[in-house]
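Before any comments, here is the structure.
The values are calculated or read from the model by the stated rules, or taken from the named source; none is laboratory data. Computed from a prediction, not measured in an experiment: that's the story for all the values here. Methodologically, a virtual Cβ is constructed for each residue, glycine included, from the backbone with ideal geometry; neighbour enumeration extends over all protein chains shown.
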Ligand SMILES: Cc1cc2nc3c(=O)[nH]c(=O)nc-3n(C[C@H](O)[C@H](O)[C@H](O)COP(=O)(O)OP(=O)(O)OC[C@H]3O[C@@H](n4cnc5c(N)ncnc54)[C@H](O)[C@@H]3O)c2cc1C
């Protein structure tokens with residue numbers, strides 16, 4: 001139903017042809033649910049967090065078992081609640097008093113830019129502070145200088161990594177030519193669907209563990225709007241709906257002001273409306289859901305998606321004055337084939353006393369450490385940064 005950042009902004013929920021605002025903050029007033037369902041929903045919405053023992057228990061059951069046994073509705077991550085562990089679904093529900101989240105202009109690239117600017121000071125003008133890193137452009141010529149202690153090679157695809165002698169050999173392709181370089185150690189920060197193919201001497205236990213990693217697709221859609229007067233009329237920058245049409249939620253982003261960057265915040269000015277879409281099929285095993293969703297997402301034409309989005313927005317917002325011809329300037333589809341690692345029961349802590357696949361991969365081997373966001377379960381920047389810190393520390397502890 002919801003539970004993600006729904007207390008930090010005004011959210012309008014569509015029930016039939018009417019709207020209810022901020023339903024959990026308003027104790028489900030104005031919703032069509034019975035008193036018993038309202039009680040269960042409030043219990044679900046306010047049961048967040050939990051200690052390690054709770055999280056371990058939630059890793060042993062599906063989210064469907066959790067919400068049917070104890071509560072009523074749930075949330076989905078990559079696959080339907082009958083196929084993902086309850087720990088995954090439960091951890092998505094944010095506490096009622098959670099702080100507002102923000103989106104960087106340009107997305108998570110801001111994290112990467114900050115890291116690059118820290119490692120290679122010449123890569124960007126200005127100081128190492130948030131506003132400067134956000135507002136200056138990257139000097140790509142500075143990234144691969146011969147005498148620099150840190151060098152980054154762009155447009156180079158690694159095709160083979162393996163131990164050789166007392167180090168690691170990395171083979172990569174650039175401009176149609178193969179090159180080889182040596183390192184005393186390597187961190188594989190690319191995702192599992194890549195690492196399993198390019199790390200040539202992967203031990204059998206890690207290779208088998210990687211075979212258990214399955215992925216679900218997701219699609220994020222950005223609709224460029226010439227104005228957002230219709231949302232202003234609705235008194236909500238975010239909406240949720242349950243009509244079985246295209247998606248289930250969309251919202252405009254909270255604007256960020258940093259240094260000279262201060263985008264306009266006015267309902268008659270342009271903005272971007274974002275939809276996130278999961279493509280799951282209830283009742284199938286998680287891996288099958290991922291495969292089918294990916295096929296469906298890649299086989300659907302842009303024209304079909306465009307039509308579905310315009311229809312959905314008209315259905316939701318026509319009463320508030322929305323006119324697709326006048327209000328939509330463009331639509332970008334981001335089709336993301338391996339968006340989410342699927343998290344069936346046992347994903348986090350393993351089953352029957354055996355370690356989970358993610359714990360086995362995370363051990364790395366020899367002089368190769370493995371770090372990518374999916375080892376944390378939900379793929380996000382926080383998990384990616386945590387893994388990026390852990391992996392070199394793991395190598396340093398080996399005193400390589
Ligand atoms: C559309 C979209 C929206 C998102 N929104 C959010 C959000 O709002 N909040 C949030 O926290 N997270 C969000 N995420 C997720 C987050 O960006 C990822 O989980 C995170 O970037 C994963 O980090 P990573 O370091 O594990 O992998 P990546 O960021 O994927 O980095 C892996 C790098 O390895 C490189 N690589 C792969 N294979 C090779 C090879 N063979 N040779 C050389 N280089 C290679 C890739 O080019 C890439 O640069 C979003 C992701 C997408 C796609």
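Quick grid of which residues meet (1) under 29 Å from residue 284 (Cβ atoms); (2) away from the ligand (no atom under 16 Å from the Cβ):
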position	(1), (2)
48	yes, yes
51	no, yes
67	yes, yes
101	no, no
109	no, no
115	no, no
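Here the condition is being under 22 Å from residue 284 (Cα atoms), more than 21 Å from the chain's Cα centre (by Cα) and touching a residue at least 12 places away in the same chain (Cβ under 8 Å); of 340, 363, 351, it holds for 351 alone. Output yes when any residue across the range 137-151 is touching a strand residue (DSSP E or B) at 6+ places or on another chain (Cβ under 8 Å), at negative phi and either assigned to a loop (DSSP other than H, G, I, E, B) or exposed (fewer than 13 other Cβ atoms within 10 Å of the Cβ) (or both), and no when none is. Yes - at least one qualifying residue is present in the range 137-151.
Scoring residue 153 on the criteria (1) out of contact with any helix residue (DSSP H, G or I) (no Cβ under 9 Å at 6 or more places or on another chain); (2) touching a residue at least 40 places away in the same chain (Cβ under 8 Å) leaves a single failure, condition (2).
One line per residue, one yes/no per condition, for (1) within 22 Å of residue 340 (Cβ to Cβ); (2) in contact with a strand residue (DSSP E or B) (Cβ under 7 Å, 6 or more places away or on another chain):
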residue	(1), (2)
55	yes, no
88	yes, yes
92	yes, yes
97	no, no
127	no, no
130	no, yes
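The one condition from (1) within 16 Å of the ligand (Cβ to nearest atom); (2) within 23 Å of residue 383 (Cα to Cα); (3) surrounded by fewer than 12 Cβ atoms within 10 Å (Cβ to Cβ) that residue 188 does not meet is (3). Within the range 104-139, the residues that satisfy the criterion of being over 17 Å from residue 259 (Cα atoms) and over 27 Å from the mean Cα position of the chain (by Cα) are 120, 121, 122, 123, 139.
Filtering the range 163-177 to residues that are farther than 24 Å from residue 365 by Cα and in a strand (DSSP E or B) leaves 173, 174, 177.
Give the number of residues within the range 8-34 that are under 22 Å from residue 89 (Cα atoms) and out of contact with any helix residue (DSSP H, G or I) (no Cβ under 9 Å at 6 or more places or on another chain). Residues meeting the conditions: 6.
Across the range 23-49, the number of residues qualifying as assigned to a loop (DSSP other than H, G, I, E, B), modelled with pLDDT of 85 or more and surrounded by fewer than 18 Cβ atoms within 10 Å (Cβ to Cβ) comes to 9.
Restricting the range 356-372 to residues that are within 13 Å of residue 213 (Cα to Cα) and not in a helix (DSSP H, G or I), the residue that is farthest from the ligand (Cβ to nearest atom) is 356. Residues considered: 385, 395, 375. Of these, the only one that is within 14 Å of the ligand (Cβ to nearest atom) and surrounded by fewer than 21 Cβ atoms within 10 Å (Cβ to Cβ) is 385. All of 160, 180, 207 fail the test of being free of Cβ contacts under 8 Å to residues at least 12 places away in the same chain, assigned by TED's automatic domain parsing to the domain that holds residue 379 and assigned to a strand (DSSP E or B), apart from 180. Only residues that are under 22 Å from residue 285 (Cα atoms) and either within 16 Å of the ligand (Cβ to nearest atom) or loosely packed, with under 15 Cβ neighbours inside 10 Å (or both) were counted across the range 208-229, and they come to 9. Scanning the range 338-347 for residues that are touching a helix residue (DSSP H, G or I) at 6+ places or on another chain (Cβ under 6 Å) and more than 10 Å from the ligand (Cβ to nearest atom) returns 342, 343, 344. Which of the residues belonging to the range 99-125 are in contact with a strand residue (DSSP E or B) (Cβ under 8 Å, 6 or more places away or on another chain) and touching a residue at least 24 places away in the same chain (Cβ under 8 Å)? Selection gives 105, 113, 116. Within the range 318-334, one or more residues are within 28 Å of residue 371 (Cα to Cα) and surrounded by fewer than 18 Cβ atoms within 10 Å (Cβ to Cβ).
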